[in-house]
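Asks: Here you go, one structure.
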Amino acid sequence: MDLTRNAWAVSRYGGPDVLVPVSRPVPAPTATQVLIRIRASAVSRADTMMRAGQPNFARLFLGVRRPRAGLAGTCFSGDVVAVGDRVTRFRIGDAVFGEAGLHFGANATHISLDAQASLLTKPEAVSYEEAATLFDGAMTSWHFLTRMAQVRSGSAVLILGGSGSLGTAAIQFAKALGARVTASASARNAALLRALGTDRVVDYTAENPLAKGAGFDVVFDTLGVASYRAAKPALAPTGRYLCPVLDATLLRDMILTRATGQKRAMFAAAGMLKSETHRAQMSEILALMAAQKFAPVMDRTYPLTDLVEAHAYVETGRKRGNVVVV
């Protein structure tokens, strides 16, 4: 096999300018691996935070002094171009999508993964660009709302940061689960949130979405813009404050609320769950897509060669839904 892999190296923590294009030979897959020609890969807020090594304690997993994996990108879609001798789940030519996890390297032309990794066959009705985003915003939001908050029909849910990849997915999922959804965004994104089914849109520049006595069963802070203490007055007696951005304050509040009271602060590293859990939850998301109850919101598509620009755009905080490179 004589292939070259074009990818993006991250040799140190910092801004988008630390990303450097690299070309390397593509080794043949091992007996249990599949080699995938990547057609699209996501650029998420989580990707930009990991590139920057933020929050600082995340470096315990990413590499203390510099990124251990050395490559950028976690979520992708593409086509299987080679399989190992012991692989039975996939065949050459299969369209697939998945997550590289802490191995990284998804912002590239090729990637090799174990066939039992977080990898699924792509439905024909789902585009490569859409599929590349599913293991980021969609899976995280689905896990938080269903496994952690156990949102059900009639639940009152507030989504902070409703216009991002997690927020736009969370709105659709909460509505599919029968919840009454309030979501915050700037005025320019209000129409988008209403189109996704939001019952009430709050312009956070003009109104505090965490009003005392609001009685939310769930506050899902998709961006880490608030805190449990700020959300507590707006929670119902057994309400849950959920946030996928872990810092020392959230960790403290998780410990304290687990020991006292009925209101809780909660976090989970959804991307680090076992592969079989990922595949099971993603199958549920694909069922919602087939039933036309969920569709990823797509913002911009960049060429892979413009990954630096894609990272810079995501960091503006103005993206609506998902950004991918192809």
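Asks: Can you say whether residue 28 is assigned to a loop (DSSP other than H, G, I, E, B), at pLDDT below 95 and open to solvent by less than 80 Å² (accessible area, probe 1.4 Å), as far as the supplied structure shows?
Replies: Answer is yes for this residue.
Asks: When residues of segment 58-97 are filtered for being in a strand (DSSP E or B) and acidic (Asp, Glu), how many remain?
Replies: Of the residues in that region, 1 qualify.
Asks: So which residues in segment 13-25 are assigned to a strand (DSSP E or B) and modelled with pLDDT of 95 or more?
Replies: If the condition is that a residue be assigned to a strand (DSSP E or B) and modelled with pLDDT of 95 or more, then 19, 20, 21, 22, 23 are the ones that fit.
Asks: Just to check your reading of the model, which residue among 305, 260 is modelled with pLDDT under 95, on the phi < 0 side of the Ramachandran plot, open to solvent by 50 Å² or more (accessible area, probe 1.4 Å) and among the hydroxyl-bearing types (Ser, Thr, Tyr)?
Replies: One residue alone meets the criteria, 260.
Asks: Separate question: Could you list all residues from segment 31-53 that are outside any loop (DSSP other than H, G, I, E, B) and closer than 30 Å to residue 243 by Cβ?
Replies: Of everything in segment 31-53, those that are outside any loop (DSSP other than H, G, I, E, B) and closer than 30 Å to residue 243 by Cβ turn out to be 40, 41, 42, 45, 46, 47, 48, 49, 50, 51, 52.
Asks: Can you tell me which of 312, 269 is aliphatic (A, V, I, L, M), open to solvent by less than 50 Å² (accessible area, probe 1.4 Å) and under 15 Å from the mean Cα position of the chain (by Cα)?
Replies: 269
Asks: Continuing with this model, one more query. For segment 284-318, how many residues are part of a loop (DSSP other than H, G, I, E, B) and either under 22 Å from residue 71 (Cβ atoms) or among the charged types (D, E, K, R) (or both)?
Replies: Adding up the residues that qualify gives 3.
Asks: In segment 284-302, is there at least one residue being more than 22 Å from the chain's Cα centre (by Cα) and either open to solvent by 70 Å² or more (accessible area, probe 1.4 Å) or polar (S, T, N, Q) (or both)?
Replies: no
Asks: I would also like to ask the following. Give the residues of segment 62-97 that are under 23 Å from the mean Cα position of the chain (by Cα) and touching a residue at least 60 places away in the same chain (Cβ under 8 Å), sorted by residue number.
Replies: Scanning segment 62-97 gives 70, 71, 72, 73, 74, 75, 96.
Asks: Let me ask you something else. In segment 315-326, what count of residues is obtained for those that are touching a residue at least 24 places away in the same chain (Cβ under 8 Å) and either surrounded by 16 or more Cβ atoms within 10 Å (Cβ to Cβ) or charged (D, E, K, R) (or both)?
Replies: 8
Asks: Within segment 1-49, restricting attention to residues that are over 25 Å from the mean Cα position of the chain (by Cα) and of a type in the set (Gly, Ala, Ser), which residue is nearest to residue 65 (Cα to Cα)?
Replies: Among those residues, the one meeting the criterion is 23.
Asks: What tally of residues in segment 174-228 results from selecting those that are assigned to a strand (DSSP E or B), more than 26 Å from residue 49 (Cα to Cα) and open to solvent by less than 70 Å² (accessible area, probe 1.4 Å)?
Replies: 6
Asks: Looking for something among the β-branched types (Val, Ile, Thr) and in a strand (DSSP E or B) - is there at least one such residue anywhere in segment 257-271?
Replies: Looking through segment 257-271, none of the residues is among the β-branched types (Val, Ile, Thr) and in a strand (DSSP E or B).
Asks: Within segment 232-257, which residues are more than 22 Å from residue 55 (Cβ to Cβ) and surrounded by fewer than 18 Cβ atoms within 10 Å (Cβ to Cβ)?
Replies: 233, 236, 237, 238
Residues checked against (1) more than 30 Å from residue 222 (Cα to Cα); (2) open to solvent by 20 Å² or more (accessible area, probe 1.4 Å):
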residue	(1), (2)
10	no, no
21	yes, yes
44	no, no
47	no, no
55	no, yes
74	no, no
84	yes, no
88	yes, yes
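The values are calculated or read from the model by the stated rules, or taken from the named source; none is laboratory data. These numbers were taken from a predicted model, which means no experiment stands behind them. Neighbour counts run over all protein chains shown; Cβ positions are idealised from the backbone, glycine included. For accessibility, only protein heavy atoms count, side chains too; no ligands or nucleic acids. Shrake-Rupley method; radii C 1.70, N 1.55, O 1.52, S 1.80 Å.
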